[in-house]
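**Student:** Take this structure first; my questions come after.
The values are calculated or read from the model by the stated rules, or taken from the named source; none is laboratory data. These numbers were taken from a predicted model, which means no experiment stands behind them. Reconstructed Cβ throughout: ideal geometry from the backbone, glycine too, with neighbour counts over all protein chains shown. Just so you know, the surface numbers come from the protein's heavy atoms only, side chains and all, with ligands and any DNA or RNA stripped out. Shrake-Rupley method; radii C 1.70, N 1.55, O 1.52, S 1.80 Å.
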Amino acid sequence: MGFVELLLLAIGLSMDAFAVSVCKGLAMKRVRFRDAAICGVWFGSFQALMPFVGYLLGSRFEQYIKAASSWIAFILLVLIGANMLREALSKEEEEHASAGLDFKTMLVMAVATSIDALAVGITFACVPLQLIAASELLNTLLGVCIIGLTTFAISCTGVKIGNVFGTRWKSKAEIAGGVILILIGVKILLEHLGVL
């Protein structure tokens, strides 16, 4: 997986954090840079941490999953993407996020929005990142940093957008994220099958 695919993956993964950030911004009377940065740091850190943990877990079982690695990556990304689409198109009203930025609230939200990233980290063990001429571990570390920084920027932006425009972007962002993840999964599978 190269840089363009990684960047698209990072954007797709960050859409859950974006949606929650929009709700956070909606609940705030006034958004200061500090508030947006707090959300960005929480969501960006966990979006970087979870794929790395997933990679470490996937690497331990690499010998067992190597033969089916492209299929595993395809299935995981399609399931994550389909789940994001289902949530975005669901008619159920979600609970609005509170304006609070306390430790417990942000920890729960950061973990909840980054669970998908854990599964994506497992795909890094199956389909290694090829960003620079270095070891697989170094490429993975660089990759998770890019995911974290992308999520940081998108979350900060989400807080401001939520404060200014409200929730009309929330479901569109989740749909876009789901479609991106599904397309990356399909691309990985087609490359494995020799179609691309």
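**Student:** Among Thr150, Phe3, Leu129, which residue has its Cα furthest toward the positive end of the charge dipole of the chain, with +1 on Lys/Arg Cβ and -1 on Asp/Glu Cβ?
**Tutor:** Ranked along the dipole, the leading option is Thr150.
**Student:** So with the 1.4 Å probe, I'd like the accessible area per residue for the chain, rounded to whole Å².
**Tutor:** That works out to 50 Å² for each residue.
**Student:** For the chain, give the percent of accessible area contributed by carbon and sulfur heavy atoms, probe 1.4 Å, rounded to a whole number.
**Tutor:** 69
**Student:** When only C-alpha pairs under 8 Å and at least 6 residues apart count, what is the relative contact order of the chain, in percent?
**Tutor:** 51
**Student:** Between Arg60 and Ala27, what length comes free when the chain is fully extended (0.36 nm per residue of separation minus the Cα-Cα distance, one decimal in nm)?
**Tutor:** 7.6 nm
**Student:** Here is a follow-up. Step through the residues of the range 133-150 one at a time and calculate ³J(HN,Hα) from phi using the Karplus curve (6.51 cos²θ - 1.76 cosθ + 1.60, θ = phi - 60°), rounding each to whole Hz and writing x for Gly and Pro.
**Tutor:** 7, 7, 5, 4, 5, 5, 4, 5, 4, 5, x, 5, 5, 5, 4, x, 5, 4
**Student:** If you don't mind, there's one more thing I want to ask. Looking only at Val53, Val108, Val31, which one moves most when the chain is put into a Gaussian network model with springs between Cα atoms under 10 Å?
**Tutor:** In the Gaussian network model the winner is Val108.
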